[in-house]
1. Obtain the nm distance between the two label points defined at residue 302 and residue 318 by a simple spin-label model: each point lies 7 Å from its Cα along the Cα-to-C-beta direction.
2. Given the Cα-Cα distance of residue 126 and residue 357 and 0.36 nm per residue of separation, how much length would full extension add, in nm?
3. Would you please classify the overall shape of segment 62-150 from the alpha carbon gyration tensor, given that a ≥ b ≥ c denote the square roots of the eigenvalues, rounded means a/c under 1.5, and beyond that prolate means a/b larger than b/c while oblate covers the rest?
4. Which far-off residues, 5 or more places away or on another chain, put their amide H under 5 Å from the one on residue 24, with H placed in the peptide plane?
5. Each residue of segment 120-135 in turn: what ³J(HN,Hα) in whole Hz from Karplus with 6.51, -1.76, 1.60 and θ = phi - 60°, glycine and Pro shown as x?
6. Taking R0 as 60 Å, what FRET efficiency do you get between residue 267 and residue 311 from their Cβ-Cβ distance, rounded to the nearest 0.05?
7. Tell me, how many Å apart are the Cα centres for segment 224-262 and for segment 436-513?
8. How high is the FRET efficiency between residue 77 and residue 390 when r is their beta carbon distance and R₀ equals 60 Å, given to the nearest 0.05?
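The values are calculated or read from the model by the stated rules, or taken from the named source; none is laboratory data. Since the structure is predicted, the reported quantities are computational estimates derived from the model, not experimental observations. Backbone-built Cβ (ideal geometry, glycine too); neighbour counts: all protein chains shown. Note: areas computed on protein heavy atoms with side chains; ligands, DNA, RNA excluded. Shrake-Rupley method; radii C 1.70, N 1.55, O 1.52, S 1.80 Å.
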Amino acid sequence: MFNFLKGVVGGSGGGQKDLPYNIGDPYPSAWSSWSHFRGTSKDDGSPVSIFSLSGSNPQDGRLAAGRNGVKRLRTVRHPNILSFLYSTEVETVDGSGTKVTIYIVTEPAMPLSEKIKELSLEGTQRDEYYAWGLHQIAKAVSFLNNDCKLVHGNVCLESVVVTQTLDWKLHAFDVLSEYDGTGGTATGPMLPYEWLVGSQYKSVELAKSDWVAIRKSPPWAIDSWGLGCLIYEIFSGMKLGKTEELRNTASIPKSLLPDYQRLLSSTPSRRLNASKLIENSEYFQNKLVDTIHFMEILSLKDSVEKDTFFRKLPNLTEQLPRQIVLKKLFPLLTSALEYGSAAAPALTALLKIGSWLSAEEYTLKVLPTIIKLFASNDRAIRVALLQHIDQYGESLSARVVDEQVYPHVATGFVDTSSILRELTLKSMLIMAPKLSQRNLSGSLLKYLSKLQVDEEPAIRTNTTILLGNIASFLNDGTRKRVLINAFTVRALRDTFSPARGAGVMALCATSSYYDTTEIATRILPNIVVLTIDPDSDVRSKVFQAVDQFMQILKQSNEKSNAGDTAHAGSLGLASMPGNAGLLEWAMSSLTLKGKPSDQAPIAASNSVRPVTTTTAASSGLIETPSMAPVRVSSSSDFADAPAPPSPTSTDGCGEIENGIHEEQYSDKDGWDDIEPLEEPKPSSVLANIQAAQKRPVSQPKPQATSLRSKSTVKAVATKDEDDDLWGSIAVPTPKIASKSLKVKTSGAVEDDDPWAAIAAPPPTTKAKPLSAGRGRGTKAAAPKLGAQRINRTSSSGMQ
């Protein structure tokens with residue numbers, strides 16, 4: 001029999017040197033004759049607990065009880081019973097004889113008495129934690145008594161340990177035995193090792209060794225008495241000295257006192273079953289117990305219950321003991337999010353609890369869960385991640401963002417939900433600095449070129465703002481190819497006035513990347529036309545921008561005159577007052593919390609507070625005012641081509657289709673076909689005037705010519721729409737030498753008169769047809785008498 005038990009206990013180890021664990025420092029207390037040590041695994045260094053029991057005689061009764069405890073702990077499994085990992089028995093020979101030592105290795109745990117001192121909880125938080133712990137031990141006792149028909153025999157403070165997640169677990173199974181009261185034929189002791197139990201913990205019948213009465217009693221009678229002893233020791237803060245001390249109920253909570261008295265009933269059959277204690281006790285109905293219990297059975301809850309619970313959880317965590325939230329509730333929350341059983345609002349609670357952790361713990365415990373969540377297909381989870389990216393984005397490494405996070409986030413650029421597209425766009429303010437040039441120039445700019453013609457005006461506006469903020473992370477070649485065309489060709493001609501204002505602000509914010517030639521030939525001609533914009537806010541921004549760029553040109557001229565031409569074309573915005581506020585507004589605009597569509601996308605350049613714009617009461621999105629781009633129709637217009645239509649229109653080069661996917665993209669990113677403007681080579685006669693005037697003077701054209709121009713532009717846009725998103729609507733390259741001036745003169749132009757070539761045509765009294773090329777016939781309408789309404793057509797073809 002001894003050899004059999006030794007084989008069961010022995011495990012796979014042959015001695016302490018073969019123990020695959022390192023034995024560390026001991027704890028000051030342990031049950032009975034056992035010693036409790038800290039330990040670590042030799043394989044991976046993970047923490048464990050090691051219990052040892054030594055005896056000089058192999059036939060020692062304590063060793064036999066210890067072997068019984070090892071066997072029971074190995075075979076009995078329950079969430080509230082200490083988890084068994086390994087065991088072995090070692091024999092050593094010394095001068096006095098043979099020494100036998102039993103080792104049990106379990107999950108890491110520490111004695112309950114030590115953990116209570118460490119936590120130092122008080123008041124309501126202490127009572128809630130004690131209630132949770134007693135709830136767990138009561139479930140373990142109920143499992144042994146009611147389900148397994150086993151009797152633990154020694155439930156007390158020393159038989160309870162606390163794990164790293166602050167769970168209370170039952171161990172010390174040396175006395176544990178089967179309940180044989182139903183047979184009626186047994187006469188010997190039911191608990192062969194009951195002599196190990198201290199007399200102060202024995203119930204009346206057990207102290208008398210009245211095995212007949214014990215067998216007639218219910219299986220839970222002995223352990224219910226032990227639960228009463230445990231409750232006394234916990235709340236009194238003292239180890240039970242003698243049985244009479246159990247009568248002192250001053251420290252017992254009033255809500256638990258009736259159940260405490262029933263547990264310690266002198267009549268075994270009237271003692272309260274542990275299962276009834278769990279179900280009926282008012283003491284266990286508190287926030288901590290209810291919260292952890294809900295998390296443990298989360299998979300059984302419906303979506304409405306989950307959503308309600310997780311919306312309340314962030315505020316609830318403030319009321320619970322901080323250590324219990326971090327060590328017990330937080331692991332449950334991360335597991336629920338990773339495996340998909342938690343709702344999207346749980347992310348708010350996760351980040352709030354994570355903010356209580358140190359930087360190292362945050363990296364180890366919070367970020368891995370967040371990275372996994374980016375791969376989720378749940379749109380609500382993705383929205384929640386992007387809404388809170390400002391809380392964890394800085395903690396993500398550049399490699400993780402570039403390789404693991406961005407590929408999943410980028411799918412939001414082409415999502416059908418406008419909210420998700422806008423949140424994805426705003427998240428790039430944090431992610432863009434951590435992206436490689438391959439993703440930044442090759443992937444992100446393709447998505448931004450699509451978003452600049454998005455159907456939502458707020459998205460178009462924020463795209464322009466984002467481009468201005470990430471310009472510093474682009475290489476020089478990409479900046480030359482992208483920025484001016486994105487800000488002037490699209491942003492300044494948007495029908496949404498805040499988008500036009502954002503284009504002006506973005507040009508100012510990125511002025512350090514433009515040389516004087518680009519400022520004079522490509523930027524100023526495009527922004528000056530907006531000085532008569534219908535929106536006053538746009539006009540004010542334009543005037544400030546004009547002053548700013550003119551100041552740059554003046555400084556360049558002064559340096560050129562002084563002979564310092566080394567940096568004449570790279571004067572930045574850093575020296576200009578007000579730039580700090582402009583950049584600060586752009587960044588704060590993209591990091592505002594709440595619904596993304598509730599934020600106004602444009603603010604005054606001299607203030608960091610966004611200007612309030614009209615919002616829709618139902619959707620909260622920015623309304624697009626019915627405003628057409630401003631186009632000045634005069635002999636000094638900047639270009640002969642008509643004004644481009646709205647980015648969301650269905651005609652012309654602005655035509656775009658919703659729901660564009662990445663596979664539809666070409667290898668180009670939307671700016672490749674846009675070439676920088678070449679410097680014109682004016683004739684010697686017009687050198688002085690044409691140096692400042694980079695575009696040819698255009699004359700009003702007949703309607704038929706305007707229609708042909710519009711159809712030509714539309715045809716070109718349709719052809720190049722997929723490959724050249726922004727190049728198709730780029731400003732035409734001014735080539736003055738190749739384009740003849742259409743000037744009608746009454747006589748020969750004198751060579752010494754430089755203004756004669758661009759002089760206005762002489763007035764004529766000959767009436768022009770009102771609808772040339774529009775009717776079926778070409779005959780001009782006959783003149784009529786009286787007041788008449790004449791439809792005048794501008795050079796852009798707009799009436």
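1. Roughly 3.1 nm, to one decimal.
2. Fully extending the segment from residue 126 to residue 357 adds 81.0 nm.
3. Details: a/c = 3.23, a/b = 1.66, b/c = 1.95.
Verdict is oblate for segment 62-150.
4. Correct list: 38, 39, 40.
5. Once rounded to whole Hz, the list reads 6, 7, 9, x, 5, 4, 5, 5, 5, 5, 4, 4, 5, x, 5, 4.
6. Numbers: r = 49 Å, r/R0 = 0.81.
It comes out at approximately 0.80.
7. The two parts, judged by their Cα centres, are 72 Å apart.
8. On the way: r = 45 Å, r/R0 = 0.74.
The formula returns an efficiency of 0.85 here.
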